[in-house]
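All remarks here apply to the structure that follows.
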Amino acid sequence: KIASDTFEHCKSLREVVIPLGVTEIEYYAFKGCESLREVVIPSSVTSIGSGAFIYCAALQEIVIPEGVTSIGDSAFSGCRSLRQVVIPSSVKTIGEWAFNECYGLEKVVVSEGVAEICNRAFGKCSSLEIVHLPVEVSNMEISAFADCPKLKAIYVPENRVDYYKERFPA
């Protein structure tokens, strides 16, 4: 594992390749690494802890591999340069504020299998325009996409439009 606070505030760190065999990125492991632009997470990782990459303002892209089952609270909060995120089907929970204040985030794809999208998981993503949701999310907080003024399209499978309208009325 990469232990809590290991690289916290390493302001010059620009790139990280996490070795295969690491299974957990603990809370605040890379907190405040403001120059971090690229992270390669191996398929062995199953958990991204709370605040693991919080305030990594230069982080432009993150590939969350199949095998990750949880994205902790505020895991990528404040990653202002992040443009797109694909949540793989292995993820069961996207924690509170997980991608909050990712001002550059334009597109989110949530794969089939994700069961829970918590409070303000994508809150204040002021550039977010497009969201793709799976057939069914068993628990999605009504505020999951709060304060996203540019959000213009939420794509859901055609046969599930009524499901989402019933659960999350406009």
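Could you check Val156 against (1) surrounded by 17 or more Cβ atoms within 10 Å (Cβ to Cβ); (2) at pLDDT 85 or above and say which number it fails?
Looking at each condition in turn, Val156 falls short on (2).
Can you tell me which condition Glu101 does not meet? The list is (1) under 27 Å from Ala58 (Cα atoms); (2) acidic (Asp, Glu); (3) modelled with pLDDT under 90, and all the others hold.
(3)
Within segment 24-40, is there a residue that is of a type in the set (Val, Ile, Thr), under 20 Å from Glu96 (Cβ atoms) and surrounded by 14 or more Cβ atoms within 10 Å (Cβ to Cβ)?
Yes, because at least one residue in segment 24-40 is of a type in the set (Val, Ile, Thr), under 20 Å from Glu96 (Cβ atoms) and surrounded by 14 or more Cβ atoms within 10 Å (Cβ to Cβ).
Please find, among Val45, Val39, the residue that is touching a Ser or Thr at 6+ places or on another chain (Cβ under 9 Å) and not aromatic (Phe, Trp, Tyr).
Only one candidate qualifies: Val45.
Can you name the residue in segment 128-142 that is open to solvent by 30 Å² or more (accessible area, probe 1.4 Å) and assigned to a loop (DSSP other than H, G, I, E, B) and is also farthest from Ser43 (Cα to Cα) among such residues?
Among those residues, the one meeting the criterion is Ile142.
Using the structure shown, decide if Val63 is more than 17 Å from Trp97 (Cβ to Cβ), among the aliphatic types (A, V, I, L, M) and over 12 Å from the mean Cα position of the chain (by Cα).
It is false that Val63 is more than 17 Å from Trp97 (Cβ to Cβ), among the aliphatic types (A, V, I, L, M) and over 12 Å from the mean Cα position of the chain (by Cα).
Could you please tell me which pairs satisfy a Cβ distance under 8 Å, a separation of 6+ or placement on different chains, a first residue in segment 49-65 that is modelled with pLDDT under 95, and a second residue that is open to solvent by less than 20 Å² (accessible area, probe 1.4 Å) and of a type in the set (Phe, Trp, Tyr)?
Close Cβ pairs satisfying both conditions: Ile62/Phe53; Ile62/Phe76.
With the condition kept exactly as written, say whether any residue in segment 9-16 is surrounded by 15 or more Cβ atoms within 10 Å (Cβ to Cβ), at pLDDT 95 or above and closer than 21 Å to Ala144 by Cβ.
There is no residue in segment 9-16 that is surrounded by 15 or more Cβ atoms within 10 Å (Cβ to Cβ), at pLDDT 95 or above and closer than 21 Å to Ala144 by Cβ.
Can you tell me which residue is nearest to Arg37 (Cα to Cα) among those in segment 84-117 that are open to solvent by less than 10 Å² (accessible area, probe 1.4 Å) and touching a His at 6+ places or on another chain (Cβ under 9 Å)?
Among them, the one singled out is Val108.
The values are calculated or read from the model by the stated rules, or taken from the named source; none is laboratory data. Keep in mind the model is a prediction, meaning the values are calculated, not measured. Cβ atoms come from the backbone with ideal geometry, glycine included; neighbour counts cover every protein chain shown. All accessible areas refer to the heavy atoms of the entire protein, side chains included, with ligands and DNA or RNA removed. Shrake-Rupley method; radii C 1.70, N 1.55, O 1.52, S 1.80 Å.
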